[in-house]
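Everything below concerns the one structure shown next.
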Amino acid sequence: MRYLDLLTALFATVLLVSNVASTKLVVLGPFTFDGGTLLFPLAYIFGDVLTEVYGYRRSRRVIWIGFFALLLATLTFQAVAHLPAPPDAESQRFGEAFGLLFGLTPRIVLGSLLAYFLGEFANAYVLAKLKVRTEGRFFWLRALASTLVGQGLDTGVFLLVAFYGVFPSEVLLAVFLSNYAFKLGVEALMLPFTYAVVGFLKRAEGMDVYDRDTDFNPFRLT
């Protein structure tokens, strides 16, 4: 498995960078979303590639690695944001700016972690099951179907846990639809590239795992 460690590092990097970028809202054409949405769909593309080539069990380990990397980054940002800055004016100003960017509320932290966990494992589970059901055919269908479920859970759970009761329901629905449509669009546009990467890895690694007898318990790491 010459490329699994590289894919794991890239997956964790995409996850961490997208969560930092999510502190800013951006407008792109008809879409309004947090900046992390520009990059975060790549995490699901990596998830598709990992499960398709290496199977659910190895994908499960990578998902947990990403989870703990995200948890460590979040806890570190929270601790730094709440520690006092030196008393000079410039340090105080930078400390306040850091707190505004990274001093997330507990609801946002919980929503982010829970949404990631449910969305990524749902994505891997659906793709692995469909691969067995379709006997390895129609990768485009498996990739889109798994993203449809995973991104739906990810986006919906995050918005409900982090912002339900804070914003009106119609605003949350509009944000959900905007984020969901954009993420699915990115997945569809990236399909040719995903096909090429999957084909390359299967040839290079000599692997094409089918999860026929796999234990899909997300908490079993052995």
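The values are calculated or read from the model by the stated rules, or taken from the named source; none is laboratory data. This is a predicted model, so every value here is computed, not measured. As a convention, Cβ positions derive from the backbone with ideal geometry for all residues, glycine included, and neighbour counts pool all protein chains shown. Areas reflect the complete protein model, heavy atoms only, side chains present, ligands, DNA and RNA absent. Shrake-Rupley method; radii C 1.70, N 1.55, O 1.52, S 1.80 Å.
In the stretch 60-91, what residues are touching a helix residue (DSSP H, G or I) at 6+ places or on another chain (Cβ under 6 Å) and over 30 Å from L127 (Cβ atoms)?
Matches in the stretch 60-91: F77, A81, A85.
Consider only pairs whose beta carbons are under 6 Å apart and that are at least six residues apart or on different chains; among these, list those whose first residue lies in the stretch 186-206 and is of a type in the set (A, V, I, L, M) and whose second residue is assigned to a helix (DSSP H, G or I) and open to solvent by 70 Å² or more (accessible area, probe 1.4 Å).
Once the first residue is of a type in the set (A, V, I, L, M) and sits in the stretch 186-206, its partners that are assigned to a helix (DSSP H, G or I) and open to solvent by 70 Å² or more (accessible area, probe 1.4 Å) give L191/W140.
Quick check: is even one residue across the stretch 71-90 under 19 Å from L159 (Cα atoms) and either free of Cβ contacts under 8 Å to residues at least 12 places away in the same chain or not in a helix (DSSP H, G or I) (or both)?
no
Quick check on Y180: is it closer than 16 Å to Y44 by Cα, of a type in the set (F, W, Y) and modelled with pLDDT under 90?
It is true that Y180 is closer than 16 Å to Y44 by Cα, of a type in the set (F, W, Y) and modelled with pLDDT under 90.
Among helices (runs of 4 or more DSSP H) lying entirely in the stretch 130-222, which contain 1 or more residues that are within 17 Å of A115 (Cβ to Cβ) and open to solvent by 30 Å² or more (accessible area, probe 1.4 Å)?
Here the list reads 139-163, 169-189.
Can you confirm whether V14 is part of a helix (DSSP H, G or I) and at pLDDT below 90?
When the stated conditions are applied, V14 passes them.
Within the stretch 1-43, restricting attention to residues that are of a type in the set (D, E, K, R) and touching a strand residue (DSSP E or B) at 6+ places or on another chain (Cβ under 9 Å), which residue is surrounded by the fewest Cβ atoms within 10 Å (Cβ to Cβ)?
Only one residue tops the list, namely K24.
Kindly provide the set of residues from the stretch 1-28 that are under 22 Å from K183 (Cβ atoms) and of a type in the set (D, E, K, R), ordered by number.
Result: K24, single match.
Out of (1) open to solvent by less than 70 Å² (accessible area, probe 1.4 Å); (2) of a type outside the set (K, R); (3) closer than 30 Å to K202 by Cβ, what's the single condition that is false for A97?
All conditions pass for A97, except number (3).
Is it the case that V49 is crowded, with 16+ Cβ neighbours inside 10 Å, in contact with a Ser or Thr (Cβ under 6 Å, 6 or more places away or on another chain) and among the β-branched types (V, I, T)?
On the way: crowded, with 16+ Cβ neighbours inside 10 Å: yes; in contact with a Ser or Thr (Cβ under 6 Å, 6 or more places away or on another chain): no; among the β-branched types (V, I, T): yes.
Against the criterion (crowded, with 16+ Cβ neighbours inside 10 Å, in contact with a Ser or Thr (Cβ under 6 Å, 6 or more places away or on another chain) and among the β-branched types (V, I, T)), V49 does not qualify.
What number goes with the only condition from (1) open to solvent by 60 Å² or more (accessible area, probe 1.4 Å); (2) at pLDDT 85 or above; (3) under 15 Å from the mean Cα position of the chain (by Cα) that L110 does not pass?
It fails just one condition, (2).
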